[in-house]
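A quick write-up on the structure given underneath.
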Amino acid sequence: MLFEDLKSLETNDEISKNDILKILKKWAENVSVFDIMNSTSKFRESCKYVQEEYKGHFDDIYVKNFYMRIKDIKKDNKDYKDNINKKTFLKAIDYFKKQDDQRKVENKIKSKIKNKVENKVENKLENNEEIKLENEVEKNEKDKIKTKLESKENGTKVQRLIYYLICIYTTFILDEPIHHVGSIFPGHTKVRYENGTYYCPVKNNNVGNLKAVCRFCIAKQG
């Protein structure tokens, strides 16, 4: 797994950006163009209730400057001379892994609830002679449902992989905020870069959010 590979750097006296980039590039190769398209599609779907005035900004900034950065990782052949703060890096990896594990648990719970509902409906169908499906048709329908669920689960895993690859790449390789400069938030506030410092207008609001990664973002509140 990505986190295990990154955690293995703990044995190094110093952790260089090149060490991290090598691992990120390895895992980025597991992300296909189809995976990126699928993830951006899910992102757009999640934004369907966002106010119309922000939708264009979200699509332009988040899709182009977040998901598409997987290509940047794959093509990044720069020789980085710097080492990173080992303690901060390892603390971030532990946090990301804990966060990812929690998401897996939540997804499993949701999946179990959904399966229970589907099983109840299925049993109801089986006990109702009037609408009982033929064996072969029923089997095909079950297979379709199973394939769809497996596809959705795999899509979620890849989406999380993309999320963490980009977070680690921007934070520890590029020394940039996770949200690209110009990223807009409600109230028309933006992430900006002034006099050598990155500022985010909503960082303080999300530092304590266990589902966010703001606490490790290099941007300052502002």
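Going through (1) modelled with pLDDT of 95 or more; (2) over 14 Å from the mean Cα position of the chain (by Cα) one by one, residue 27 falls short only on (2).
Output the residue which, of all residues in the stretch 185-222 that are in contact with a Phe, Trp or Tyr (Cβ under 8 Å, 6 or more places away or on another chain) and closer than 22 Å to residue 72 by Cα, is modelled with the lowest pLDDT. So the residue we want is 213. For the criterion of being polar (S, T, N, Q) and either within 13 Å of the chain's Cα centre (by Cα) or buried (at least 19 other Cβ atoms within 10 Å of the Cβ) (or both), residue 197 fails.
If the condition is being at pLDDT below 85 and of a type in the set (Asp, Glu), then the stretch 36-84 contributes 45, 52, 53, 59, 60. What number of residues within the stretch 24-47 are under 11 Å from residue 158 (Cα atoms), in contact (Cβ under 8 Å) with a residue 12 or more places away in the chain and of a type outside the set (Asp, Glu)? So the count comes out to 7. Only one of the numbered conditions (1) farther than 23 Å from residue 103 by Cβ; (2) touching a residue at least 12 places away in the same chain (Cβ under 8 Å); (3) among the basic types (Lys, Arg) is violated by residue 160, and that is (1).
Residues of the stretch 166-219 that are over 29 Å from residue 29 (Cβ atoms), touching a helix residue (DSSP H, G or I) at 6+ places or on another chain (Cβ under 7 Å) and free of Cβ contacts under 8 Å to residues at least 40 places away in the same chain: 203, 206, 207.
The values are calculated or read from the model by the stated rules, or taken from the named source; none is laboratory data. The shown structure was predicted, so the numbers you read here are calculated from the model rather than taken from an experiment. A quick note on method: Cβ atoms are made from the backbone with ideal geometry, for glycine too, and the neighbour counts reach across all protein chains shown.
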